[in-house]
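Taking it in order: structure first as structure tokens, then the write-up.
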Amino acid sequence: MKNSILRSLQGIVGEEFVSNEAEELFLYSKDLGSGRSGRLDYVVVPGSVDEVQKVVKLAGQEKIPLTPVGAGLNLSGLTISAQGGVAIDMKRMDNISEVNESSRYVVVEAGVTVGKLIAHLKKNLPNYVFPCRMHRPQPPLRQMQYSMGPAICPNTVFIRR
Ligand SMILES: Cc1cc2nc3c(=O)[nH]c(=O)nc-3n(C[C@H](O)[C@H](O)[C@H](O)COP(=O)(O)OP(=O)(O)OC[C@H]3O[C@@H](n4cnc5c(N)ncnc54)[C@H](O)[C@@H]3O)c2cc1C
């Protein structure tokens with residue numbers, strides 16, 4: 001892949017938050033369950049909405065695949081790119097911006113884990129419960145891990161509506 005893409009990504013997220021090193025790409029080209037492995041050219045870890053938008057725009061211009069990664073805990077190859085491109089790891093974006101009591105909603109960044117939100121609600125609003133369930137009761141440590149992006153978008157953790 002072109003070096004100009006690496007430079008552009010560095011310009012967007014900063015040098016320390018983009019990598020094309022084999023060791024780091026290796027971590028993002030497998031998962032815990034599927035046994036598959038993929039191909040990847042870059043990993044970026046954006047820190048703001050503006051940076052995400054710029055990375056998405058660049059990927060669109062360059063016609064390179066973009067794969068969002070939350071905690072990377074899915075078991076079925078969902079974060080493994082078959083065609084290379086950029087993995088965009090959302091872990092740095094983990095702010096809980098608003099908890100609105102009266103209208104019962106929260107505003108969070110995509111990398112917030114469900115566990116972080118549950119802990120936040122428990123501490124600040126003990127009467128509120130996060131409306132989330134899985135196929136079976138989940139151990140608390142797992143809850144700490146998976147992120148809100150996949151919980152809402154691919155609905156992998158079945159938010160109760
Ligand atoms: C031991 C174990 C048991 C599990 N048991 C269950 C279970 O009982 N029920 C269940 O439903 N799941 C289960 N899972 C799967 C896993 O917990 C869920 O899929 C969880 O939602 C993964 O969250 P994640 O943050 O790790 O997502 P990731 O694995 O990082 O991503 C999952 C998908 O969401 C996409 N994505 C990531 N971030 C974003 C974003 N910001 N915007 C849009 N898309 C995004 C990814 O590209 C990918 O397609 C289990 C996993 C493990 C390891």
Out of segment 1-42, which residues are touching an Asp or Glu at 6+ places or on another chain (Cβ under 8 Å) and more than 15 Å from Gly85 (Cα to Cα)? Ile12, Val13
Those residues of segment 25-35 that are away from the ligand (no atom under 13 Å from the Cβ) and surrounded by fewer than 16 Cβ atoms within 10 Å (Cβ to Cβ) come to a total of 2
What about Glu51, is it among the charged types (D, E, K, R), touching a helix residue (DSSP H, G or I) at 6+ places or on another chain (Cβ under 9 Å) and buried (at least 20 other Cβ atoms within 10 Å of the Cβ)? yes
Tell me, which residue of segment 129-142 that is more than 9 Å from the ligand (Cβ to nearest atom) and in a helix (DSSP H, G or I) is modelled with the lowest pLDDT? Pro140
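The values are calculated or read from the model by the stated rules, or taken from the named source; none is laboratory data. Please read these numbers as outputs of a predicted model, since none were measured by experiment. Positions of Cβ are backbone-derived with ideal geometry, glycine not excepted, and every protein chain shown enters the neighbour counts.
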